[in-house]
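The values are calculated or read from the model by the stated rules, or taken from the named source; none is laboratory data. What you see is a predicted model; the values in this text were computed from it and never measured. Quick reminder, even Gly has a Cβ in these numbers, built from the backbone with ideal geometry, and neighbours come from all protein chains shown. We work out accessible area using only protein heavy atoms, side chains counted, and drop any ligands, DNA or RNA first. Shrake-Rupley method; radii C 1.70, N 1.55, O 1.52, S 1.80 Å.
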Amino acid sequence: MTETQAIRPAMPANRALRFTAFLFGGVAYLTFLFTILYAIGFISGFAVPKAIDSGAKSGAFEAIVVNLALMALFAIQHSVMARKSFKHWWTQFIPSSVERSTYVLCASLTLLLLFWQWRPMPDVIWSVQEPDMAVVIATLSFVGWVIVFTSTFLINHFELFGLHQVANNLAGREMPPPVFRTPFFYRFVRHPIYLGFIIAFWATPTMSAGHLLFAVVTTAYVFIGIMLEERDLVDMFGDEYRRYRKRVSMLVPWRKLS
């Protein structure tokens, strides 16, 4: 048996593994799409079977404990799996090509669990009664979601959610090295995706106690996430990111561009 003949049986299996990884990445991405669209309805109370202020009633203490536990679970998963040290450990057990897709799938499933098990806290904190003003505020929330989606495409939407990695793996190509770029929104704020989420979560004509709890905790988590993310970005891009951080504000575009 020649060396060429010896390796032939492994080649179809390798292609099958790459195709399986591609299918897994596709399922993870479709799960993400469903989750983010459901999130819009969950926060706004529009076109979903269970929203932030709907569902079976429970006591205030139970609602606070369960909701905080659900948000903590998401925060821990989202932060731990994004760290370089975890990725290094995790890719000893799974192919590196599906690492991002696995992260996206786990984040989506954790959010879906939150939507499913969320306990409503319907007491009204504020309610805008003037119809035109209510429409303006609801539109502002929609603008926040537009900022989120637009910002993902400004960098690399399909790499951010794992499809680029599995597509390159299927084609037998290596992922290109990361390149530091600051397109459009990123020239004014360092974290437009987080800014979009904050706008979407806080801009509501009617703020319930449950919605307020969600907005407060997720906003606090945004600042923790920014701290962890920027530490990783400094490690990755060094002085280039440090100069960017000095020049451009974190969330509010108040600094002058040089």
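What the table shows:
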{"read-out": "Structure-based [θ]222 nm, the chain - -39500 (n - 2.57) summed over DSSP H runs of at least 4, per residue, nearest 500", "value": "-22500 deg cm²/dmol"}
{"read-out": "Per residue value of the accessible surface for region 158-248 (all protein chains in place, 1.4 Å probe), Å²", "value": "50"}
{"read-out": "Leu154 accessible area, assembled protein chains, probe 1.4 Å, Å²", "value": "40"}
{"read-out": "Compactness relative to 2.2 N^0.38 Å, alpha carbon Rg of region 202-258", "value": "1.51"}
{"read-out": "13 Å beta-carbon shell around Tyr194, net charge (K/R +1, D/E -1)", "value": "-1"}
{"read-out": "Dimensionless Rg/Rh of the chain - Kirkwood Rh, Rg from C-alpha atoms", "value": "1.04"}
{"read-out": "Cα pair count fraction exceeding 20 Å, expressed as % - region 9-65", "value": "56"}
{"read-out": "All-pairs Cα distance distribution in region 75-210, expressed in whole percent, bin size 10 Å", "value": "10, 27, 33, 19, 8, 2"}
{"read-out": "Solvent-accessible area per residue for region 6-141 (1.4 angstrom probe, square angstrom)", "value": "59"}
{"read-out": "Cα gyration tensor shape of region 161-258, rounded if a/c is under 1.5, else prolate or oblate by comparing a/b with b/c", "value": "oblate"}
{"read-out": "Net charge of Cβ neighbours under 11 Å - reference Gly172; Lys, Arg +1; Asp, Glu -1", "value": "+2"}
{"read-out": "Protein accessible area in region 30-176, 1.4 Å probe - carbon and sulfur %", "value": "72"}
{"read-out": "In degrees, nearest ten, helix 131-155 long axis to first principal axis of the chain (Cα)", "value": "20"}
{"read-out": "Relative contact order (%) - criterion: Cα under 8 Å, at least six apart; region: the chain", "value": "25"}
{"read-out": "Percentage relative contact order, region 147-258, counting C-alpha pairs under 8 Å, at least six apart", "value": "33"}
